[in-house]
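The values are calculated or read from the model by the stated rules, or taken from the named source; none is laboratory data. Predicted model only: the values in this text are computed from it and were never measured. With ideal geometry, Cβ positions are generated from the backbone for all residues, glycine too; neighbour counts draw on all protein chains shown.
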Amino acid sequence: MGGGQDGCRVYLITPPRLEPAPFAGLLASALDAGDVAAVQLRLKDVDDDTWRRAIDALRPVAQSRGVAFLLNDRADLVRETGSDGAHVGQEDMPATRARALMGRDATMGVTCKDSRDLAMQAGEDGADYVAFGAFFPSGTKEVTRFIDPEILQWWSELMELPCCAIGGITAENCAPLVQAGADFLAVVGAVWSHSDGPAAGVRALNAAIAAAHP
């Protein structure tokens, strides 16, 4: 899941509710439409069996296309299910614990919101990328305040570790984030709620990223 030298890439997060079998087809069409660095499976308030069924249906779709398959918060399931890594938030499992559960080779992302201190700590804890946000109003989370893209510029000039921007990002508003140095744009609605379908959503984002590159 390269960032940095490859420029900015799409990082696709699943909707919080999905039916694994039909969704696998939607995911395949999205990934076949253009460059996507990673897929994060993000399920809310479901049991472990539901997680495992979703992983079994979706992981092969991503991995067969060379796309990293990450689990939101569930570092404990990474090794068992053959997933590529996990993304942990500040209210979830500590990053050091997630790393211990997954092993050194798994990809770990850490939510840092608008905190430079949390981002520095995440780097020390072994994160493979840090996520900043929210930058815009989001359809999936209640956002109380938005952060300045300048934090992306500060981070990318200072650190080698890739950074991911998250929160209400669309093809129409992503240019300042690309230009500020985001390595990944994490998106949900921009793809899954696109009026012409997920494939069109991925194409629109890749076109916008290409147009925004300085």
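Given (1) within 15 Å of Leu12 (Cα to Cα); (2) small (Gly, Ala, Ser); (3) touching a Leu at 6+ places or on another chain (Cβ under 9 Å); (4) in a helix (DSSP H, G or I), where does Ala119 come up short, assuming only one miss?
Just one mismatch for Ala119, condition (1).
Looking at region 102-112, is at least one residue free of Cβ contacts under 8 Å to residues at least 60 places away in the same chain, of a type outside the set (Asp, Glu), under 17 Å from Asp183 (Cβ atoms) and assigned to a loop (DSSP other than H, G, I, E, B)?
Checking region 102-112: not a single residue is free of Cβ contacts under 8 Å to residues at least 60 places away in the same chain, of a type outside the set (Asp, Glu), under 17 Å from Asp183 (Cβ atoms) and assigned to a loop (DSSP other than H, G, I, E, B).
Which count do you get for residues in region 164-197 that are more than 19 Å from Ala210 (Cβ to Cβ) and not aliphatic (A, V, I, L, M)? First the steps, then the outcome.
Initial filter on region 164-197 (more than 19 Å from Ala210 (Cβ to Cβ)): 166-168, 188-189, 192-193, 195, 197.
Narrowing the set further to residues that are not aliphatic (A, V, I, L, M) leaves 167-168, 189, 192-193, 195, 197.
Count: 7.
Of all residues in region 99-122, how many are over 12 Å from the mean Cα position of the chain (by Cα) and either among the basic types (Lys, Arg) or crowded, with 19+ Cβ neighbours inside 10 Å (or both)? Lay out the reasoning, then the answer.
Restricting attention to region 99-122, the residues satisfying the condition of being over 12 Å from the mean Cα position of the chain (by Cα) are 99-106, 112-122.
The next check asks that each one be either among the basic types (Lys, Arg) or crowded, with 19+ Cβ neighbours inside 10 Å (or both); those that pass are 99, 102, 104, 106, 112-113, 116, 119, 122.
Adding up the residues that qualify gives 9.
If I ask for residues that are out of contact with any strand residue (DSSP E or B) (no Cβ under 9 Å at 6 or more places or on another chain) and hydrophobic (A, V, I, L, M, F, W, C), which ones from region 172-189 would you list? Before the answer, list the steps.
Initially, region 172-189 is screened for residues out of contact with any strand residue (DSSP E or B) (no Cβ under 9 Å at 6 or more places or on another chain), giving 172-173, 175-176, 179, 189.
Answer for region 172-189, where residues must be out of contact with any strand residue (DSSP E or B) (no Cβ under 9 Å at 6 or more places or on another chain) and hydrophobic (A, V, I, L, M, F, W, C): just Ala175.
Are there any pairs, at least 6 apart or on different chains, whose C-beta atoms fall under 6 Å, with the first in region 164-176 and in contact (Cβ under 8 Å) with a residue 24 or more places away in the chain and the second surrounded by fewer than 16 Cβ atoms within 10 Å (Cβ to Cβ) and assigned to a loop (DSSP other than H, G, I, E, B), and if so, which?
Gly168/Pro137
Restricting the first residue to region 177-190 and requiring it to be within 19 Å of Ile151 (Cβ to Cβ), which pairs with a second residue that is modelled with pLDDT of 95 or more and among the polar types (S, T, N, Q) meet a Cβ separation below 6 Å and a spacing of at least six or different chains?
What qualifies is Ala180/Gln153; Gly181/Gln153; Gly181/Ser156.
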